[in-house]
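The values are calculated or read from the model by the stated rules, or taken from the named source; none is laboratory data. Quantities reported herein were computed from a predicted structural model and do not represent experimental measurements. Ideal geometry is used to build each Cβ from the backbone, glycine not excepted, and the neighbour counts take in all protein chains shown. Side chains included, ligands, DNA and RNA excluded: accessible areas come from the protein's heavy atoms. Shrake-Rupley method; radii C 1.70, N 1.55, O 1.52, S 1.80 Å.
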Amino acid sequence: MEILEGQVERITYAGEEDGYSVLRLKVHGRRDLVTVVGSFVSVTPGEVLRVRGAWNRHPKYGEQFRADQYETLSPDTVEGIRKYLGSGLIKGIGPEMAKRIVKAFGTSTLDVIDAQPERLLEVDGIGPKRLQGIVKAWDDQKEIREVMIFLKGHGVSASHATRIFKHYGRESLNVLRENPYRLAMDVSGIGFVTADKIAQSLGFARDSVRRAEAGLHWALFQAADEGHVCLPRNRLLEEAQKLLESPREVLEKGLQALAADGRIVVEAVPADAAHVMGDTQAVFLRGYHTAEVQTAARLTYIASFPKRFPQAKIDEVIGTVTARLPFPLAPLQRQALRNALTDKVLVLTGGPGTGKTTLVKAVCDAYARLGSRVALAAPTGRAAKRLAETTGRDAATIHRLLEFSPAVGGFQRNEQKPLNTDCLIVDEASMLDGLLAHHLLKAVEPKTTVIFVGDVDQLPSVGAGNVLQDIIDSGAFPVVRLTEIFRQAQKSLIVVNAHRIREGMFPVNGKSQEGRLSDFYFIEKDDPEEVLEVVVELCTKRIPKRFGLDPVDEIQVLSPMHRGVVGARHLNEVLQKALNPRGRAVERAGRLYRVGDKVMQLRNNYDKDVFNGDLGRIEAVDEENQEIRVRIDDRPVTYDFSELDEITHAYAVSVHKSQGSEYPAVVVPLVTQHYIMLQRNLLYTAVTRGKKLVVLVGSRKALAMAVRNNRIQKRYTLLAHRLRRSLAAPGLEGATSNGAFASETPRKRPQNGR
């Protein structure tokens, strides 16, 4: 064993998960840099390390020093301190500012920052605000290093340590020692397995009731992420037993403790709904139960209020509105228009080209002629924007309609401050999940008409629930399914093939003819590597040249899966190199974020006013302030480097993430390796995302698998049953005597996190 001491010149590789790193060290007395390999925590260029280990020779990379132990020393030379500070360690200090600070304080620089930070005001370019940021970043860096060292001792990765510190700050170590199971509920990207690993290394017993509670709670959250509002009691216990490997009696105690504490609801399943659950009891997270019960009650309550328009006036308005349309309404469309004026709750569904947009415009016109107000909303920003463009009226996301305020906390529109409208039209209603439906309906007055518009054959919502399908299945409200494809739409193979796929038929391959390009193509390739090659060529050369479309802004690759050769993750790496190979960039978590990159927001961030699925382009990378700026919907949004896990590259996205969006051109790779996800509703959703062009690339076998597979994953929910029961016995479970509802808000991640 030997000891080396030297300054880190650069970090060649740093593993996010295991901390394994390859460092280049400048060692006193050696002319050449030394390669040091080993497991390091949060090492920064410019730091001085004392490492203990042994020399060995790598067959490919030559002589290396393998470190078994190390300690960090503060750099003690002017050059070392300058490099250390300018490495990006401290937000607000880049290479230029580091040079100025070191010039002012020399070898005392680190002591000044640590003990007399106010002296930094002597440096040109540092004012009170910047000083405050530097001091906070310096203190945070010391804290996060302590957290990382603690977690490394318990087998937790550096990337997880960063997330933990970002969430809890200086309370991190206290939280970890008191109840590490909180991590699974509170910190994005950390699951139960990681939290359990920490807990056991801290001495928490494997057969403790607290561990059982945490495991059961996590199993219900995982079920919600898969779309389930609840789970059958026995299935929940089975899932928890797989996860925990605990005795059944311990799990039963955990379930009882969760129910007694009010964090879950165990509900008896009525006989007429037993076939849905396959069990006599269903288990809900408290918030999801509240949402489902009150959604059913509220819809039934709204439907029970009479309409106020006289029949003669309705007939007159329908005549006037239809006479002004460029095309006569089909019988089903005309019936739907009448339903919209006579019924309080209505579902309007149908595929592309069946006239949903025409009908929505006619409904808006009819209400305007009746002197009534209409509000238009959709679950996503892109869907709301498209709704506004097609109707020529204002439309908003549901979050904006309900005036979500991160400062105040929660939706400002609710039963105390309801929406001021006579008719609410919710477009892309297949994307409406249980929690969002609950919040929306809480803000709807009983006198308001609610119209759900959507394509029920698309994928269901990403969030828990299957609201549109459940409303239809309940039979509690009028449903109009538009089936006729209009003559103009019949010219589009995108529309024709979408309906063929929905009906389980193979799509018709388009052929470009003289002077006219088709809008649908299937390019047959069996080998995934060949599929990848064709997809890249289509995006970079063939489509831009032939159709005149921008390869980044107007072409979207949609993949059934994230993994694999033509999964979204690998496609993004390849397409980034092909479409945006150069420019200022920052690397985080193995991803290179470069100016010009197309990116997508992965979760709702109310502080930034950006939402899951929003697309943007990176405009700037600021290494000194450790920020990148992304332009989303024509406005700049700033992300701290620590927030880059909120966005991902979007040259290719999953089909699920494309819901509610339309793109000029869509390219869809289909290979048999994606067999788990090859379902009819997924392919149908992908094809209906394209406005001008859809190109499928892959094997005929994979395409056939998708077309034939109509087995839709079952989602556990009792909403349809509750609606049928409320309609049969309108005592309105969940409603008070005046129609108001309990103010409990479903919480996705409870603060106690147990």
Does any residue of segment 428-442 turn out to be touching an Asp or Glu at 6+ places or on another chain (Cβ under 8 Å), open to solvent by less than 10 Å² (accessible area, probe 1.4 Å) and hydrophobic (A, V, I, L, M, F, W, C)? no
Can you tell me which condition Ala388 does not meet? The list is (1) within 24 Å of Ile632 (Cβ to Cβ); (2) assigned to a loop (DSSP other than H, G, I, E, B); (3) of a type in the set (Gly, Ala, Ser), and all the others hold. (2)
Kindly check whether there is at least one residue in segment 242-254 that is without any contact (Cβ under 8 Å) to a residue 40 or more places away in the chain and touching a Cys at 6+ places or on another chain (Cβ under 9 Å). no
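Restricting segment 373-397 to residues that are of a type in the set (Ser, Thr, Tyr) and open to solvent by 10 Å² or more (accessible area, probe 1.4 Å), which is modelled with the lowest pLDDT? Reasoning before the result, please.
Kept after step one, since they are of a type in the set (Ser, Thr, Tyr), are these residues of segment 373-397: 380, 390-391, 397.
Among the residues that remain, those that are also open to solvent by 10 Å² or more (accessible area, probe 1.4 Å) are: 380, 390-391.
Numbers: Thr380: 85, Thr390: 89, Thr391: 91.
Only one residue fits best here, namely Thr380.
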If you go through segment 402-426, how many residues are open to solvent by less than 30 Å² (accessible area, probe 1.4 Å), of a type outside the set (S, T, N, Q) and at negative phi? 7
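Could you list all residues from segment 548-568 that are more than 20 Å from Asp526 (Cα to Cα) and not polar (S, T, N, Q)? Can you show your working first?
Taking segment 548-568 as the starting set, the residues that turn out to be more than 20 Å from Asp526 (Cα to Cα) are 548-556.
Gly548, Leu549, Asp550, Pro551, Val552, Asp553, Glu554, Ile555, listed by residue number.
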Identify, please: which residue in segment 586-601 is surrounded by 16 or more Cβ atoms within 10 Å (Cβ to Cβ) and either over 19 Å from the mean Cα position of the chain (by Cα) or among the aliphatic types (A, V, I, L, M) (or both) and is, among those, nearest to Gly94 (Cα to Cα)? Val586
Expected output for segment 581-602 (first residue more than 17 Å from Ala652 (Cβ to Cβ), partner aromatic (Phe, Trp, Tyr) and buried (at least 17 other Cβ atoms within 10 Å of the Cβ), Cβ below 7 Å, 6+ apart or cross-chain) is Ala585/Tyr593; Val586/Tyr593; Val586/Phe641; Arg588/Phe641
Determine whether segment 353-369 contains at least one residue that is in contact (Cβ under 8 Å) with a residue 24 or more places away in the chain, surrounded by fewer than 23 Cβ atoms within 10 Å (Cβ to Cβ), part of a loop (DSSP other than H, G, I, E, B) and not small (Gly, Ala, Ser). no
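With the condition kept exactly as written, say whether any residue in segment 611-622 is closer than 30 Å to Ala396 by Cα, over 19 Å from the mean Cα position of the chain (by Cα) and open to solvent by less than 60 Å² (accessible area, probe 1.4 Å). It would help to see each step written out before you state the result.
First, pick out the residues of segment 611-622 that are closer than 30 Å to Ala396 by Cα: 611-620.
Narrowing the set further to residues that are over 19 Å from the mean Cα position of the chain (by Cα) leaves 619-620.
Next, from what is left, pick out any that are open to solvent by less than 60 Å² (accessible area, probe 1.4 Å): 620.
Within segment 611-622, one or more residues are closer than 30 Å to Ala396 by Cα, over 19 Å from the mean Cα position of the chain (by Cα) and open to solvent by less than 60 Å² (accessible area, probe 1.4 Å).
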First in segment 529-553 and more than 20 Å from Ala568 (Cα to Cα), second anywhere and β-branched (Val, Ile, Thr) and assigned to a helix (DSSP H, G or I), Cβ under 7 Å, 6 or more apart: Leu549/Ile543
Report whether or not Val667 is modelled with pLDDT of 90 or more, more than 15 Å from Gly567 (Cβ to Cβ) and either part of a strand (DSSP E or B) or of a type in the set (Ser, Thr, Tyr) (or both). no
Looking for something of a type in the set (S, T, N, Q), at pLDDT 85 or above and open to solvent by less than 40 Å² (accessible area, probe 1.4 Å) - is there at least one such residue anywhere in segment 32-42? yes
Filter segment 308-332 for residues that are assigned to a helix (DSSP H, G or I) and under 23 Å from Ala476 (Cβ atoms); which is least open to solvent (accessible area, probe 1.4 Å)? Ile314
Out of Pro636, Pro664, which single residue is touching a strand residue (DSSP E or B) at 6+ places or on another chain (Cβ under 6 Å), free of Cβ contacts under 8 Å to residues at least 24 places away in the same chain and not charged (D, E, K, R)? Pro636
Any idea which of Tyr684, Tyr675 is hydroxyl-bearing (Ser, Thr, Tyr), modelled with pLDDT under 95 and open to solvent by less than 10 Å² (accessible area, probe 1.4 Å)? Tyr684
Single residue of Lys142, Lys136, Lys166, Lys197 found to be in a helix (DSSP H, G or I), open to solvent by 10 Å² or more (accessible area, probe 1.4 Å) and closer than 27 Å to Gly287 by Cβ: Lys166
Restricting attention to segment 25-56, which residues are among the polar types (S, T, N, Q) and either assigned to a loop (DSSP other than H, G, I, E, B) or touching a helix residue (DSSP H, G or I) at 6+ places or on another chain (Cβ under 8 Å) (or both)? Ser39, Ser42, Thr44
For segment 169-187, give me each residue that is open to solvent by less than 50 Å² (accessible area, probe 1.4 Å) and either within 21 Å of Ser208 (Cα to Cα) or touching a residue at least 40 places away in the same chain (Cβ under 8 Å) (or both). Val175, Leu176, Asn179, Pro180, Tyr181, Leu183, Ala184, Met185, Asp186
Only one of these is on the phi < 0 side of the Ramachandran plot, outside any helix (DSSP H, G or I) and basic (Lys, Arg): Arg206, Arg177, Arg210, Arg130. Name it. Arg206
For Ile190, only one of the following conditions fails: (1) open to solvent by less than 10 Å² (accessible area, probe 1.4 Å); (2) out of contact with any Asp or Glu (no Cβ under 8 Å at 6 or more places or on another chain); (3) within 30 Å of Asn625 (Cβ to Cβ); (4) not in a loop (DSSP other than H, G, I, E, B). What is its number? (4)
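Please specify each residue of segment 601-631 satisfying the condition of being assigned to a strand (DSSP E or B) and of a type in the set (A, V, I, L, M, F, W, C).
Quick first cut of segment 601-631, residues assigned to a strand (DSSP E or B) only: 601, 605, 610, 615-622, 627-631.
Scanning segment 601-631 gives Val610, Leu615, Ile618, Ala620, Val621, Ile628, Val630.
Collect the residues in segment 242-284 that are of a type in the set (S, T, N, Q) and over 19 Å from Ala224 (Cβ atoms), keeping them in residue-number order. Lay out the reasoning, then the answer.
Our first condition is that a residue be of a type in the set (S, T, N, Q); within segment 242-284, this holds for 246, 256, 280-281.
Listed by number, the residues that qualify are Ser246, Gln256, Thr280.
Which one is farthest from the chain's Cα centre (by Cα) among residues in segment 237-265 that are open to solvent by less than 40 Å² (accessible area, probe 1.4 Å) and closer than 15 Å to Arg286 by Cα? Give the steps one after another, and end with the answer.
Just the residues of segment 237-265 that are open to solvent by less than 40 Å² (accessible area, probe 1.4 Å), to begin with: 237, 240, 244, 246, 250-251, 254-255, 257-258, 262-265.
From the residues that got through so far, the ones that are closer than 15 Å to Arg286 by Cα too are 255, 257-258, 262-265.
Details: Leu255: 29, Ala257: 32, Leu258: 28, Gly262: 28, Arg263: 25, Ile264: 25, Val265: 27 Å.
The extreme case among them is Ala257.
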The one condition in (1) within 19 Å of the chain's Cα centre (by Cα); (2) part of a strand (DSSP E or B) that Ala375 fails to fulfil: (1)
Mind checking which residues of segment 451-492 are over 30 Å from His439 (Cβ atoms) and surrounded by 20 or more Cβ atoms within 10 Å (Cβ to Cβ)? Ser492
Of all residues making up segment 58-114, the number that are in a loop (DSSP other than H, G, I, E, B), surrounded by fewer than 20 Cβ atoms within 10 Å (Cβ to Cβ) and of a type in the set (A, V, I, L, M, F, W, C): 1
